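Below: one structure, written as structure tokens.
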Amino acid sequence: MREAQRALTRSRIVEAAREVFFLRGYRNATMEEIAEAAGASRSTLYANFKDKDVILAEVADSYMLALCEVAERLPGPDPTRVEIDVWLREIAAFIARDRTPSVLLSGLASAEDAPPVIHHIGEKLIETLAVRLPPFRLALAESLARAWATVILREIGWACQQFSRSGVGGPGPNLLIVAGDLLERFIQEK
């Protein structure tokens, strides 16, 4: 019973932190604001998490697991353009559904002093895609291929975010086309 209560409390804190981080920004958010949003005392918050970096790690871990489930749907080893386009729409739909961590984590990823957990998401995504796609497997071993994979995944994430914001009426569909072109070329050239 005690463990179930602790898990529920931690979950409530993580959900509150996601919203506080999103609204105030990770760097501006305070542990006090997170405790208040979670309806928890400061002592309860600190009994569960030593600092906001640990909370961010939980937000990132749960997001990463869900994102990797979607990423695994890209067929390999040589997906067709239609399969790439369908997959990109699935990623965009995932981002639209789970918008708060998507925006939060992508914003942190572009910062010079990004918390280490943020870089772990990109690495895990490359590892997930490496299971089915040889160019991503190469990216695990070669620094130039890794750089290409990182840039392509960043652009895919950005294009999917734009698509989730604007839908079919804005620039989103064209951005997905360009992101698909980048991914297709990377897969074909490596």
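Would you check which residues across region 115-132 are free of Cβ contacts under 8 Å to residues at least 60 places away in the same chain, charged (D, E, K, R) and under 10 Å from C68 (Cβ atoms) and list them?
The answer is E127, and nothing else.
Is it the case that some residue within region 115-137 is under 18 Å from V59 (Cβ atoms) and over 13 Å from the mean Cα position of the chain (by Cα)? So that I can check it myself, show each step before the final result.
Taking region 115-137 first, the residues under 18 Å from V59 (Cβ atoms) are 115-125.
Now narrow it down to the ones that are over 13 Å from the mean Cα position of the chain (by Cα): 115-116.
Yes.
Here is a yes/no grid of residues against (1) closer than 30 Å to R154 by Cβ; (2) over 16 Å from the mean Cα position of the chain (by Cα); (3) at pLDDT below 90:
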{"position": "A38", "(1), (2), (3)": "no, yes, no"}
{"position": "V70", "(1), (2), (3)": "yes, no, no"}
{"position": "L74", "(1), (2), (3)": "yes, yes, no"}
{"position": "R81", "(1), (2), (3)": "yes, yes, no"}
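Collect the residues in region 33-47 that are surrounded by 15 or more Cβ atoms within 10 Å (Cβ to Cβ) and among the charged types (D, E, K, R), keeping them in residue-number order.
Result: E33, E36.
Every residue in region 14-26 that is under 21 Å from P116 (Cα atoms) and either of a type outside the set (K, R) or more than 18 Å from the chain's Cα centre (by Cα) (or both), please. Before you say what the answer is, go through the steps one by one.
If we filter region 14-26 for residues that are under 21 Å from P116 (Cα atoms), which is where we start, we get 14-15, 17-22, 24-26.
Result: V14, E15, A17, E19, V20, F21, F22, R24, G25, Y26.
If we scan region 164-186, do we find a residue that is under 22 Å from V59 (Cβ atoms), modelled with pLDDT of 85 or more, crowded, with 20+ Cβ neighbours inside 10 Å and in contact with a helix residue (DSSP H, G or I) (Cβ under 9 Å, 6 or more places away or on another chain)? Show your work before the answer.
Going residue by residue through region 164-186, those that are under 22 Å from V59 (Cβ atoms) are 164-165.
After this cut, where a residue has to be modelled with pLDDT of 85 or more as well, the list is none.
Checking region 164-186: not a single residue is under 22 Å from V59 (Cβ atoms), modelled with pLDDT of 85 or more, crowded, with 20+ Cβ neighbours inside 10 Å and in contact with a helix residue (DSSP H, G or I) (Cβ under 9 Å, 6 or more places away or on another chain).
Just checking, does region 58-65 include any residue being within 30 Å of M31 (Cβ to Cβ) and hydroxyl-bearing (S, T, Y)?
Yes, the conditions are met somewhere in region 58-65.
If I filter region 31-41 for residues that are in contact with a Leu (Cβ under 6 Å, 6 or more places away or on another chain) and within 29 Å of F136 (Cα to Cα), do I get at least one hit?
No, because not a single residue in region 31-41 is in contact with a Leu (Cβ under 6 Å, 6 or more places away or on another chain) and within 29 Å of F136 (Cα to Cα).
Do you know which of the residues in region 1-18 that are touching a helix residue (DSSP H, G or I) at 6+ places or on another chain (Cβ under 6 Å) and not β-branched (V, I, T) is surrounded by the fewest Cβ atoms within 10 Å (Cβ to Cβ)?
Looking at residues that are touching a helix residue (DSSP H, G or I) at 6+ places or on another chain (Cβ under 6 Å) and not β-branched (V, I, T), I get R12.
The values are calculated or read from the model by the stated rules, or taken from the named source; none is laboratory data. Since the model is a prediction, treat every value here as computed from it, not as a measurement. No Cβ is skipped: glycine too gets one built from the backbone with ideal geometry, and neighbour counts run over all protein chains shown.
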